[in-house]
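Presented below is the structure to which this report refers.
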Amino acid sequence: MQNKKLNIIIADDHPIFRAGVKQTICSVEGVNIIGEAEDGFSALKLINEMEPDIAIIDLKMPKKSGLEILDELSDSDCNTKIVLLTMYKNLPYFYQAVSLGAKGYILKETASIDLINAIEKIRKGGIYVSNRIAQLLDEESKNRHDLSIIIEAVNSFSQTDREILKLVSMLKTNSEIAETLSLSKRTIENRRLRIGENLDLKGVHSLLQFTIENRELF
């Protein structure tokens, strides 16, 4: 993706905001906007038909939300990198988005700056998160308790499990972790479930939250 022109689609139900996103993206060298959509159903159709390198999608849209689009694409062979735009400073939404494979999570209030940085980071294979969300994650990490118990628990895991925890903290999906460790996706899913049970974590995204809060331990 680094050396070729990036094909991008934009999906947002507000025409004025969508036009602003388009103007911002057009200022980035080496990009080509190949489609626009005003609802989630049309956005998913464009992704499946045009297979863009990046799709910049509003989290909340008519017909299908950005999270629903991510969910439908998560078990497909689609290689499109999804960037979610949102007005919500909401960590549960963030955890859900990255669990489903989002490569960017951008607040609309800072989109004019973040979009440029996100495209460049994703072009290099990275994941981009708005600074305000990153700050919320840091604040959450500082509020954790019983660090000695956490360290003891992490040290009891196998090397493979600790590698999984590290990759989860890097916002990698189960498929990406499986490829990195040369294991099956089902094996990763089962190991993550067992790790979460051993840590007495409750909730769908609790392991992701745990690894982000304690990423320096892996």
Q: Say whether the condition of being charged (D, E, K, R), touching a helix residue (DSSP H, G or I) at 6+ places or on another chain (Cβ under 7 Å), at pLDDT 90 or above and farther than 22 Å from N117 by Cβ is met by at least one residue in the stretch 10-21.
A: no
Q) Of all the residues that make up the stretch 91-127, how many are buried (at least 19 other Cβ atoms within 10 Å of the Cβ) and under 16 Å from E176 (Cβ atoms)? A) 9
Q: Kindly provide the set of residues from the stretch 121-136 that are part of a helix (DSSP H, G or I), more than 14 Å from the chain's Cα centre (by Cα) and either at pLDDT 90 or above or of a type in the set (K, R) (or both), ordered by number.
A: R123, R132
(Q) Among the residues of the stretch 46-58, are any under 19 Å from T110 (Cβ atoms), among the charged types (D, E, K, R), surrounded by 19 or more Cβ atoms within 10 Å (Cβ to Cβ) and touching a residue at least 12 places away in the same chain (Cβ under 8 Å)? (A) yes
Q: Can you run down the residue pairs with Cβ atoms below 8 Å, 6 or more apart or on separate chains, where the first is in the stretch 2-27 and farther than 25 Å from K63 by Cα and the partner is crowded, with 16+ Cβ neighbours inside 10 Å and among the small types (G, A, S)?
A: T24/A111
Q.
Take the residues in the stretch 139-159 that are surrounded by 13 or more Cβ atoms within 10 Å (Cβ to Cβ) and part of a helix (DSSP H, G or I); name whichever of them is modelled with the lowest pLDDT.
A. S141
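This table checks each residue for (1) part of a helix (DSSP H, G or I); (2) surrounded by fewer than 19 Cβ atoms within 10 Å (Cβ to Cβ).
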{"site": "L171", "(1), (2)": "no, no"}
{"site": "A178", "(1), (2)": "yes, no"}
{"site": "I188", "(1), (2)": "yes, no"}
{"site": "R191", "(1), (2)": "yes, no"}
{"site": "R194", "(1), (2)": "yes, yes"}
{"site": "V204", "(1), (2)": "no, yes"}
{"site": "T211", "(1), (2)": "yes, no"}
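The values are calculated or read from the model by the stated rules, or taken from the named source; none is laboratory data. Since this is a predicted model, take the numbers as computed values, not measurements. With ideal geometry, Cβ positions are generated from the backbone for all residues, glycine too; neighbour counts draw on all protein chains shown.
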